[in-house]
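Novice: Next up is a structure, given as structure tokens.
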Amino acid sequence: MDHSEKPATRPRVTLSPNHHMTINWHSFDRQDDAPVTRTSLTERATIVGRVGIIMLSCGTGAWRVREAMNTIARDLGLTCAADVGLITIEYTCFDHGRHYTQALALPTSGVNTDKLTVIERYVTRFATDCVGLTVGEIHAQLDQIQHKPGNFSALTAGLASALACAAFTFLLGGGPIEMICAFLGAGVGNYSRRLMGARRITVTASTAVSVALACLSYLLMFKVLELGFHISQAHEAGYIGAMLFVIPGFPFITSGLDMAKLDMRSGLERGTFAIMVIVVATVTGWLVALLVHFEPQNFIPLHLSFWVLLTCRLAASFCGVYGFSIMFNSPRKLAASAGLLGAVANTLRLTLVDFAMPAAAAAFIGALVAGLLASAVNRNTGYPRISLTVPAIVIMVPGLYMYRAMFNLGLNDFGVGGGWMIKAVLIVVALPLGLAAARIVTDSEWRHVD
């Protein structure tokens, strides 16, 4: 804390009753007409921290959060040192021998690519548009960004999840019956998760309940089709696709990127969070499967020709990535851009696997291509790379392998379960490595350590 400045006398404000207490950012405003560059260290440093915590709330990694804070700090004549985690930031701003330190925290981790795009553009234009404004005017602008409503309702998010997971199911090898059942299951699951999120239900509980509802909804649709059309029991295998909407793509990918930049605290926290979500989801799915006697069998072969399969994979990859992008609150144009990018990268990955390339190596190449294409789109549109690449490679995350690993480990079949787990880990490691390689090639700032 900067002890060289005496706080101004202010009227008493009502304190937040929340466990993570809400910060009254306008209490740092002395309400004069001085431009922000001529205000106190405390007022300027608070703006730096607020921009950082808004960036962090959008789900981006530590390097981007620190870069945004540094940009604002330079524009305000400050030097900033920040330590960024999954939901916390501790930072210090220095100015002519004085310093001011703050610790900020979020109540939970989330993803909002639309808000991320807005705050990144705000940071880019800050030097030209904001340095002549007062502190109060800047906080008013940040209020609008922080409280920007989502683009889609819970119902739309549920439909987006249904589309994404139905497409995901096809890419795993499922046919129309599995896709229909997964569509219903994922739609119900993500709709319920959004409702619980609006009521601030903890991540563990909302993940478990939504996965259970997704699996049970798959079972319900499967039984309806079984009674009406006498479908084979082999179509049970698609129930795994109904629960893939919970894959924590952003923390998985940003974890690897942060560790590649030696932001070990953020990387390890994000990785641990992602593993926690995966464990809760797979254990819940496994328990429901035991109760209803579902087993993760192989899908019935579709026997499609090469060109038909290639066309269907392009369409399914686009739909899957587009759906995941909508789940991340991307505007439709951004979601479509990510969908086109993911259609190319994921279809290439699957084709390489068909030609006997190891799955991890194919995942690395698919992520590399996604990263290179995202850099080109970023230069033309200004969309954040992370908003393009993560939806594009979430569909490459081996959720099927993870579930089969947990299912067999739960049954004490450690040989089979361990084999699936190793395959999943190799792919999960390869995906952020591919993105990191693309960033090293295309981003001169990212490939240096200064």
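The values are calculated or read from the model by the stated rules, or taken from the named source; none is laboratory data. Model, not experiment: these values are computed from the prediction. Neighbour counts are summed over all protein chains in view; Cβ atoms, including those assigned to glycine, are modelled from backbone coordinates with ideal geometry. Ligands, DNA and RNA are excluded from the accessible area calculation, which covers all protein heavy atoms including side chains. Shrake-Rupley method; radii C 1.70, N 1.55, O 1.52, S 1.80 Å.
Novice: Normalised by the number of residues in the chain, what is the relative contact order in percent for Cα pairs under 8 Å and 6+ residues apart?
Specialist: Relative contact order comes out at 14 percent.
Novice: Once the other residues with Cβ under 14 Å from the Cβ of residue 441 are scored (Lys, Arg +1; Asp, Glu -1), what is the net sum?
Specialist: Here the charged neighbours net out to +2.
Novice: On to the next question. When only C-alpha pairs under 8 Å and at least 6 residues apart count, what is the relative contact order of region 399-448, in percent?
Specialist: 26 percent
Novice: So what is the 222 nm mean residue ellipticity for the chain from helices alone, if each DSSP H run of at least 4 adds -39500 (n - 2.57) and you divide by all residues, rounding to the nearest 500 deg cm²/dmol?
Specialist: For the chain, the value works out to -22000 deg cm²/dmol.
Novice: Relative to the first principal axis of the alpha-carbon coordinates of the chain, what is the inclination of helix 154-172, with its axis defined by its Cα atoms, in degrees from 0 to 90 and to the nearest 10?
Specialist: Orientation of helix 154-172: about 50 degrees from the principal axis.
Novice: Excluding residues fewer than 8 places away in the same chain, name every one of the lysines whose C-alpha is closer than 29 Å to that of residue 223.
Specialist: Those lysines meeting the cut-off do not exist here.
Novice: Here's something else I'd like to know. Starting with the highest mean, order 275-285, 51-61 by the number of other Cβ atoms within 10 Å, averaged over the residues of each peptide.
Specialist: Top of the packing list down: 51-61, 275-285.
Novice: For residue 105 and residue 129 in the same chain, what is the full-extension length gain: residue separation times 0.36 nm, less their Cα-Cα distance, in nm?
Specialist: Extending this stretch completely gives an extra 5.9 nm.
Novice: For residue 148, list the lysines whose Cα falls under 23 Å from its own Cα; do not include residues on the same chain fewer than 8 positions away.
Specialist: List returned: 115, 333.
Novice: Using the Cα gyration tensor of region 166-314, with a ≥ b ≥ c the square roots of its eigenvalues, what is the shape: rounded (a/c below 1.5), prolate (a/b larger than b/c) or oblate (neither)?
Specialist: It comes out oblate by the Cα gyration axes.
Novice: Take the chain, connect every pair of alpha-carbon atoms lying under 10 Å apart with a spring to form a Gaussian network, then pick out the residue of 356, 162, 45 with the largest mean-square fluctuation.
Specialist: Fluctuation is largest for 356.
Novice: Something else: State in Å² the accessible area per residue of region 391-450; use a 1.4 Å probe, count heavy atoms of protein chains only, and round to the nearest integer.
Specialist: Averaged over the residues of region 391-450, the accessible area is 44 Å².
Novice: Could I have the simple spin-label model distance between residue 74 and residue 416, label points 7 Å from Cα toward Cβ, reported in nm to one decimal?
Specialist: Once both label points are built, they end up 5.7 nm from each other.
Novice: Right, something else. Considering only protein heavy atoms and a 1.4 Å probe, what is the carbon-and-sulfur percentage of the accessible area of the chain?
Specialist: Carbon plus sulfur share of accessible area: 64 percent.
Novice: May I ask you to derive the relative contact order of region 110-188, considering only C-alpha pairs under 8 Å and at least 6 residues apart, and to give it as an integer percent?
Specialist: 25 percent
Novice: Per residue, what accessible area does region 234-326 have, given a 1.4 Å probe and all protein chains present, in Å²?
Specialist: Roughly 40 Å² per residue, with all protein chains present.
Novice: Here's a follow-up. For a Förster distance of 35 Å, can you work out the FRET efficiency between the beta-carbons of residue 357 and residue 234, rounded to the nearest 0.05?
Specialist: Efficiency at R0 = 35 Å is approximately 0.80.
Novice: If you don't mind, there's one more thing I want to ask. Go ahead and run the numbers for FRET between residue 450 and residue 198, Cβ-Cβ distance against an R0 of 51 Å, rounding to 0.05.
Specialist: 0.75
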